[in-house]
There are 2 protein chains.
Amino acid sequence: MTEHSLWRFSRALHRAINERQREDLEALIDEDVDWAIYGPIDMFPFFGARRGKAAVLEVIRQIADNIRVHRFDRESILLGVESAASMMRYSLTMLDANKPISLRLAHFAQFKAGRLTNIRVLIDTFDLVEQALGRPIHLPRIASAG
Amino acid sequence: MTEHSLWRFSRALHRAINERQREDLEALIDEDVDWAIYGPIDMFPFFGARRGKAAVLEVIRQIADNIRVHRFDRESILLGVESAASMMRYSLTMLDANKPISLRLAHFAQFKAGRLTNIRVLIDTFDLVEQALGRPIHLPRIASAG
(Lines give C-alpha, C1' and ligand atoms only; values in the text may rest on other atoms or scores of the structure.)
Protein backbone atom coordinates (compact mmCIF):
# COMPACT_ATOMS: atom_id res chain seq x y z
CA MET A 1 0.00 0.00 0.00
CA THR A 2 1.37 3.39 -0.92
CA GLU A 3 1.18 6.33 1.43
CA HIS A 4 -2.10 8.28 1.36
CA SER A 5 -1.87 11.57 -0.54
CA LEU A 6 -2.93 13.43 2.61
CA TRP A 7 0.30 12.66 4.45
CA ARG A 8 2.53 13.87 1.66
CA PHE A 9 0.42 16.98 1.17
CA SER A 10 0.36 17.73 4.91
CA ARG A 11 4.15 17.43 5.26
CA ALA A 12 4.74 19.62 2.20
CA LEU A 13 2.21 22.23 3.32
CA HIS A 14 3.72 22.59 6.78
CA ARG A 15 7.19 22.75 5.27
CA ALA A 16 5.99 25.50 2.91
CA ILE A 17 4.50 27.46 5.81
CA ASN A 18 7.28 27.08 8.37
CA GLU A 19 10.37 26.82 6.18
CA ARG A 20 9.11 28.57 3.03
CA GLN A 21 10.23 25.54 1.04
CA ARG A 22 7.57 25.18 -1.64
CA GLU A 23 9.26 22.73 -4.03
CA ASP A 24 7.60 19.62 -2.55
CA LEU A 25 4.23 21.33 -2.40
CA GLU A 26 4.23 22.56 -5.99
CA ALA A 27 4.20 19.00 -7.31
CA LEU A 28 1.23 18.08 -5.11
CA ILE A 29 -1.27 20.72 -6.25
CA ASP A 30 -3.45 20.23 -9.31
CA GLU A 31 -3.39 23.01 -11.94
CA ASP A 32 -7.15 23.47 -11.56
CA VAL A 33 -7.34 23.19 -7.75
CA ASP A 34 -10.42 24.58 -5.99
CA TRP A 35 -9.51 25.99 -2.55
CA ALA A 36 -11.52 27.68 0.21
CA ILE A 37 -10.87 28.65 3.83
CA TYR A 38 -14.10 29.98 5.34
CA GLY A 39 -13.71 32.98 7.64
CA PRO A 40 -13.59 36.78 7.89
CA ILE A 41 -11.42 37.93 4.97
CA ASP A 42 -11.48 41.54 6.27
CA MET A 43 -9.32 40.42 9.16
CA PHE A 44 -7.45 37.62 7.44
CA PRO A 45 -6.92 38.41 3.74
CA PHE A 46 -5.57 34.88 3.12
CA PHE A 47 -8.96 33.38 3.93
CA GLY A 48 -11.54 32.93 1.19
CA ALA A 49 -11.68 31.11 -2.13
CA ARG A 50 -8.84 30.61 -4.62
CA ARG A 51 -8.87 28.84 -7.96
CA GLY A 52 -5.87 27.38 -9.76
CA LYS A 53 -2.38 26.38 -8.70
CA ALA A 54 -0.78 29.84 -9.00
CA ALA A 55 -3.44 31.48 -6.80
CA VAL A 56 -3.16 28.71 -4.22
CA LEU A 57 0.64 28.87 -4.06
CA GLU A 58 0.34 32.63 -3.65
CA VAL A 59 -2.13 32.34 -0.77
CA ILE A 60 0.09 29.75 0.93
CA ARG A 61 2.95 32.26 0.64
CA GLN A 62 0.72 34.85 2.36
CA ILE A 63 -0.11 32.35 5.10
CA ALA A 64 3.62 31.65 5.54
CA ASP A 65 4.22 35.41 5.84
CA ASN A 66 1.70 35.63 8.66
CA ILE A 67 1.88 32.51 10.76
CA ARG A 68 4.23 29.93 12.13
CA VAL A 69 2.92 26.51 13.09
CA HIS A 70 4.25 25.16 16.37
CA ARG A 71 2.20 22.05 16.72
CA PHE A 72 -0.86 20.31 15.39
CA ASP A 73 -2.88 17.36 16.61
CA ARG A 74 -5.24 15.45 14.36
CA GLU A 75 -8.23 14.78 16.64
CA SER A 76 -10.39 12.96 14.07
CA ILE A 77 -9.63 11.61 10.64
CA LEU A 78 -11.39 9.77 7.83
CA LEU A 79 -9.56 8.63 4.73
CA GLY A 80 -11.13 7.66 1.41
CA VAL A 81 -9.23 6.37 -1.61
CA GLU A 82 -8.53 9.86 -2.95
CA SER A 83 -10.15 11.94 -0.24
CA ALA A 84 -9.56 12.84 3.39
CA ALA A 85 -11.22 14.74 6.19
CA SER A 86 -9.74 15.65 9.54
CA MET A 87 -10.44 17.76 12.55
CA MET A 88 -7.24 19.36 13.83
CA ARG A 89 -6.04 21.52 16.64
CA TYR A 90 -3.23 23.96 15.82
CA SER A 91 -0.90 25.94 18.03
CA LEU A 92 0.61 28.77 16.03
CA THR A 93 1.98 32.28 16.21
CA MET A 94 0.67 35.32 14.31
CA LEU A 95 4.04 36.74 13.26
CA ASP A 96 3.10 40.44 13.03
CA ALA A 97 1.73 40.57 16.56
CA ASN A 98 3.97 37.81 17.93
CA LYS A 99 0.73 36.44 19.38
CA PRO A 100 0.11 32.78 20.23
CA ILE A 101 -3.08 31.37 18.77
CA SER A 102 -4.76 28.04 19.34
CA LEU A 103 -7.40 27.05 16.83
CA ARG A 104 -9.50 24.13 15.78
CA LEU A 105 -10.26 23.46 12.12
CA ALA A 106 -11.84 20.83 9.92
CA HIS A 107 -10.78 20.16 6.34
CA PHE A 108 -12.22 18.09 3.52
CA ALA A 109 -9.75 17.37 0.72
CA GLN A 110 -9.85 15.55 -2.61
CA PHE A 111 -6.87 14.33 -4.58
CA LYS A 112 -6.38 13.07 -8.13
CA ALA A 113 -3.23 11.20 -9.05
CA GLY A 114 -1.71 12.35 -5.77
CA ARG A 115 -2.44 16.03 -6.40
CA LEU A 116 -4.84 18.21 -4.40
CA THR A 117 -7.89 19.10 -6.52
CA ASN A 118 -10.27 20.44 -3.88
CA ILE A 119 -10.03 21.55 -0.25
CA ARG A 120 -12.52 23.19 2.09
CA VAL A 121 -11.35 24.39 5.49
CA LEU A 122 -13.75 25.33 8.28
CA ILE A 123 -12.46 27.10 11.41
CA ASP A 124 -13.97 27.91 14.79
CA THR A 125 -13.66 31.53 13.66
CA PHE A 126 -15.22 33.33 16.63
CA ASP A 127 -12.64 31.79 18.94
CA LEU A 128 -9.92 32.74 16.46
CA VAL A 129 -11.12 36.35 16.14
CA GLU A 130 -11.19 36.81 19.92
CA GLN A 131 -7.63 35.52 20.21
CA ALA A 132 -6.42 37.70 17.35
CA LEU A 133 -8.09 40.77 18.89
CA GLY A 134 -6.64 39.85 22.28
CA ARG A 135 -9.92 40.54 24.06
CA PRO A 136 -13.34 38.92 24.40
CA ILE A 137 -16.25 40.21 22.32
CA HIS A 138 -19.27 40.75 24.53
CA LEU A 139 -22.16 38.56 23.43
CA PRO A 140 -25.75 38.69 24.58
CA ARG A 141 -27.39 35.39 25.38
CA ILE A 142 -29.55 34.77 22.33
CA ALA A 143 -30.91 31.33 22.96
CA SER A 144 -33.04 30.30 25.90
CA ALA A 145 -31.60 27.60 28.12
CA GLY A 146 -35.05 25.97 28.18
CA MET B 1 -25.41 -3.64 2.29
CA THR B 2 -27.31 -2.10 5.17
CA GLU B 3 -27.86 1.61 5.43
CA HIS B 4 -25.02 3.57 7.03
CA SER B 5 -25.73 4.60 10.63
CA LEU B 6 -25.25 8.25 9.64
CA TRP B 7 -28.41 8.35 7.54
CA ARG B 8 -30.63 6.91 10.23
CA PHE B 9 -29.10 9.20 12.85
CA SER B 10 -29.44 12.27 10.62
CA ARG B 11 -33.13 11.59 9.89
CA ALA B 12 -33.90 10.98 13.56
CA LEU B 13 -31.98 14.07 14.68
CA HIS B 14 -33.76 16.38 12.28
CA ARG B 15 -37.10 14.83 13.24
CA ALA B 16 -36.26 15.43 16.93
CA ILE B 17 -35.38 19.06 16.22
CA ASN B 18 -38.22 20.01 13.89
CA GLU B 19 -41.05 17.77 15.09
CA ARG B 20 -39.92 17.11 18.68
CA GLN B 21 -40.28 13.39 18.01
CA ARG B 22 -37.42 11.83 19.94
CA GLU B 23 -38.44 8.15 19.92
CA ASP B 24 -36.35 7.24 16.85
CA LEU B 25 -33.38 9.21 18.14
CA GLU B 26 -33.33 7.66 21.61
CA ALA B 27 -32.55 4.23 20.17
CA LEU B 28 -29.64 5.61 18.16
CA ILE B 29 -27.59 7.18 20.96
CA ASP B 30 -25.13 5.18 23.04
CA GLU B 31 -25.51 5.39 26.82
CA ASP B 32 -21.94 6.66 27.13
CA VAL B 33 -21.98 9.07 24.16
CA ASP B 34 -19.37 11.82 24.02
CA TRP B 35 -20.77 14.98 22.38
CA ALA B 36 -19.31 18.42 21.64
CA ILE B 37 -20.38 21.43 19.60
CA TYR B 38 -17.56 23.99 19.62
CA GLY B 39 -18.69 27.60 19.91
CA PRO B 40 -19.51 30.47 22.29
CA ILE B 41 -21.65 28.93 25.04
CA ASP B 42 -22.34 32.39 26.54
CA MET B 43 -24.46 33.15 23.51
CA PHE B 44 -25.66 29.63 22.75
CA PRO B 45 -26.06 27.61 25.96
CA PHE B 46 -26.68 24.43 23.93
CA PHE B 47 -23.14 24.51 22.56
CA GLY B 48 -20.33 22.83 24.47
CA ALA B 49 -19.62 19.32 25.69
CA ARG B 50 -22.11 16.74 26.98
CA ARG B 51 -21.50 13.23 28.25
CA GLY B 52 -24.06 10.41 28.37
CA LYS B 53 -27.36 9.78 26.65
CA ALA B 54 -29.55 11.76 29.08
CA ALA B 55 -27.43 14.90 28.78
CA VAL B 56 -27.35 14.62 24.98
CA LEU B 57 -31.13 14.13 24.70
CA GLU B 58 -31.58 17.16 26.95
CA VAL B 59 -29.30 19.35 24.83
CA ILE B 60 -31.11 18.24 21.67
CA ARG B 61 -34.36 19.32 23.37
CA GLN B 62 -32.79 22.73 24.01
CA ILE B 63 -31.71 22.95 20.38
CA ALA B 64 -35.27 22.05 19.31
CA ASP B 65 -36.58 24.83 21.57
CA ASN B 66 -34.34 27.36 19.84
CA ILE B 67 -34.09 26.51 16.17
CA ARG B 68 -36.03 25.15 13.26
CA VAL B 69 -34.17 23.59 10.34
CA HIS B 70 -35.46 24.58 6.92
CA ARG B 71 -32.90 23.00 4.72
CA PHE B 72 -29.49 21.41 4.74
CA ASP B 73 -27.04 20.48 2.02
CA ARG B 74 -24.21 18.04 2.55
CA GLU B 75 -21.33 19.65 0.65
CA SER B 76 -18.68 17.02 1.45
CA ILE B 77 -18.93 13.61 3.01
CA LEU B 78 -16.67 10.73 3.96
CA LEU B 79 -18.01 7.46 5.34
CA GLY B 80 -16.05 4.82 7.24
CA VAL B 81 -17.45 1.53 8.45
CA GLU B 82 -18.69 3.00 11.73
CA SER B 83 -17.69 6.61 11.27
CA ALA B 84 -18.71 9.57 9.15
CA ALA B 85 -17.63 13.14 8.50
CA SER B 86 -19.48 15.78 6.54
CA MET B 87 -19.42 19.46 5.82
CA MET B 88 -22.93 20.84 5.72
CA ARG B 89 -24.72 24.08 5.02
CA TYR B 90 -27.86 24.75 7.06
CA SER B 91 -30.68 27.22 6.60
CA LEU B 92 -32.53 27.61 9.87
CA THR B 93 -34.55 30.00 12.01
CA MET B 94 -33.70 31.14 15.54
CA LEU B 95 -37.16 30.82 17.03
CA ASP B 96 -36.91 33.48 19.75
CA ALA B 97 -35.87 36.21 17.35
CA ASN B 98 -37.64 34.74 14.30
CA LYS B 99 -34.32 35.34 12.57
CA PRO B 100 -33.10 33.41 9.53
CA ILE B 101 -29.59 32.01 9.87
CA SER B 102 -27.38 30.32 7.34
CA LEU B 103 -24.43 28.41 8.71
CA ARG B 104 -21.74 26.00 7.67
CA LEU B 105 -20.61 23.19 9.96
CA ALA B 106 -18.43 20.12 9.91
CA HIS B 107 -19.07 17.03 12.01
CA PHE B 108 -17.07 13.91 12.79
CA ALA B 109 -19.16 11.05 14.17
CA GLN B 110 -18.47 7.53 15.42
CA PHE B 111 -21.03 4.77 15.83
CA LYS B 112 -21.03 1.39 17.55
CA ALA B 113 -23.73 -1.16 16.72
CA GLY B 114 -25.66 1.60 14.99
CA ARG B 115 -25.55 3.96 17.98
CA LEU B 116 -23.77 7.29 18.16
CA THR B 117 -20.78 7.07 20.52
CA ASN B 118 -18.89 10.25 19.67
CA ILE B 119 -19.57 13.43 17.74
CA ARG B 120 -17.63 16.65 17.31
CA VAL B 121 -19.23 19.60 15.54
CA LEU B 122 -17.25 22.59 14.30
CA ILE B 123 -19.07 25.73 13.10
CA ASP B 124 -17.98 28.86 11.26
CA THR B 125 -18.86 30.62 14.50
CA PHE B 126 -17.91 34.21 13.65
CA ASP B 127 -20.33 34.19 10.72
CA LEU B 128 -22.99 32.68 12.99
CA VAL B 129 -22.45 35.27 15.75
CA GLU B 130 -22.73 38.17 13.29
CA GLN B 131 -26.00 36.79 11.95
CA ALA B 132 -27.39 36.19 15.44
CA LEU B 133 -26.42 39.74 16.50
CA GLY B 134 -27.93 41.08 13.28
CA ARG B 135 -24.97 43.37 12.67
CA PRO B 136 -21.35 43.08 11.57
CA ILE B 137 -18.58 43.14 14.18
CA HIS B 138 -15.89 45.58 13.14
CA LEU B 139 -12.57 43.83 12.69
CA PRO B 140 -9.16 45.36 12.21
CA ARG B 141 -7.01 43.84 9.52
CA ILE B 142 -4.55 41.74 11.49
CA ALA B 143 -2.61 39.96 8.80
CA SER B 144 -0.56 41.60 6.10
CA ALA B 145 -1.64 40.88 2.53
CA GLY B 146 2.02 40.44 1.62
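The values are calculated or read from the model by the stated rules, or taken from the named source; none is laboratory data. Since we're looking at a predicted model, the values are computed, not measured. When we count neighbours, we look across all protein chains shown, and the Cβ atoms used for this are built from the backbone with ideal geometry, even at glycine. In case anyone asks, the SASA skips ligands and DNA or RNA and just uses the protein heavy atoms, side chains included. Shrake-Rupley method; radii C 1.70, N 1.55, O 1.52, S 1.80 Å.
With θ taken as phi - 60° and the Karplus curve 6.51 cos²θ - 1.76 cosθ + 1.60 applied, the whole-hertz 3J(HN,Hα) list for the range A:79-88 is 10, x, 4, 10, 8, 7, 9, 9, 10, 9 Hz, x standing for glycine and proline. Dipole orientation for chain B: of the candidates B:Ile63, B:Ile123, B:Trp7, B:Ile123 has the Cα lying most toward the positive pole (charges on Cβ; Lys, Arg +1; Asp, Glu -1). Name the shape class, rounded, prolate or oblate, that the alpha-carbon gyration tensor gives for the protein assembly as shown, where a ≥ b ≥ c are the square roots of its eigenvalues, rounded holds for a/c under 1.5, and otherwise prolate holds if a/b is larger than b/c and oblate otherwise. It is oblate, given that a/c is not under 1.5 and a/b is not larger than b/c. Put simply, the amide H of A:Val33, placed in the peptide plane, has neighbours under 5 Å in A:Gly52, A:Lys53, leaving out anything fewer than 5 places away on its chain. The solvent-accessible area of B:Ile41, taken with every protein chain present and a 1.4 Å probe, is close to 90 Å². Using bins of 5 Å that start at zero, the share of Cα-Cα pairs per bin across the range B:59-107 amounts to 5, 19, 21, 22, 16, 10, 4, 1, 0, in whole %.
Could you look at chain A and say what percent of its accessible area is carbon and sulfur, using a 1.4 Å probe and all protein chains? Let's see the in-between values first.
Working: 3360 of 6800 Å².
On chain A, the fraction of accessible area on carbon and sulfur atoms equals 50 percent.
Summing Lys and Arg as +1 and Asp and Glu as -1 over all other residues whose Cβ lies under 12 Å from the Cβ of B:Asp73 gives a net charge of +3. Listed by chain and number, the lysines whose C-alpha is less than 26 Å from the C-alpha of A:Lys53, apart from same-chain residues fewer than 8 away, are A:Lys112. The residues of the range A:23-90 have, on average, 44 Å² of accessible surface per residue, using a 1.4 Å probe with all protein chains present. Note on B:115-121: average number of Cβ atoms from other chains within 10 Å of each residue's Cβ is 1.
Residue-wise HN-Hα couplings along the range B:110-118, as the Karplus relation 6.51 cos²θ - 1.76 cosθ + 1.60 with θ = phi - 60° gives them from phi, are 10, 10, 9, 6, x, 10, 5, 10, 7 Hz; Gly and Pro carry x.
For a distance above 21 Å, tell me the whole-number percent of Cα pairs in chain B that qualify. Provide the component values of the computation, followed by the final result.
Details: 4785 of 10585 pairs.
Across chain B, Cα pairs with separations above 21 Å total 45 percent.
For the range B:29-40, putting each phi into the Karplus relation 6.51 cos²θ - 1.76 cosθ + 1.60 with θ = phi - 60° gives couplings of 10, 5, 4, 9, 4, 10, 10, 8, 10, 7, x, x Hz, in residue order, rounded to whole numbers and with x for Gly and Pro.
Between A and B, roughly 3800 Å² of accessible area is buried in total, ligands, DNA and RNA not counted and the probe set to 1.4 Å. If you take the alpha carbon atoms of the range A:1-70 and fit the smallest convex hull around them, that volume is 103 Å³ per residue. For B:Leu133 and B:Glu58, the FRET efficiency from 1/(1 + (r/R0)^6), where r spans their Cβ atoms and R0 equals 25 Å, is about 0.40. Relative to the longest principal axis of the Cα atoms of chain B, the long axis of helix B:5-19 makes an angle of roughly 60 degrees.
If you sort A:Asp34, A:Asp124 by accessible surface, 1.4 Å probe, largest first, the order is A:Asp34, A:Asp124. Please give me the summed charge of the neighbours of A:Ala97: other residues whose Cβ is under 15 Å from its Cβ, Lys and Arg +1, Asp and Glu -1. Charge balance in the 15 Å sphere: +1. Here the spin labels are modelled as points 7 Å beyond Cα on the Cα-Cβ line, and at B:Thr93 and A:Thr2 they lie 5.2 nm apart.
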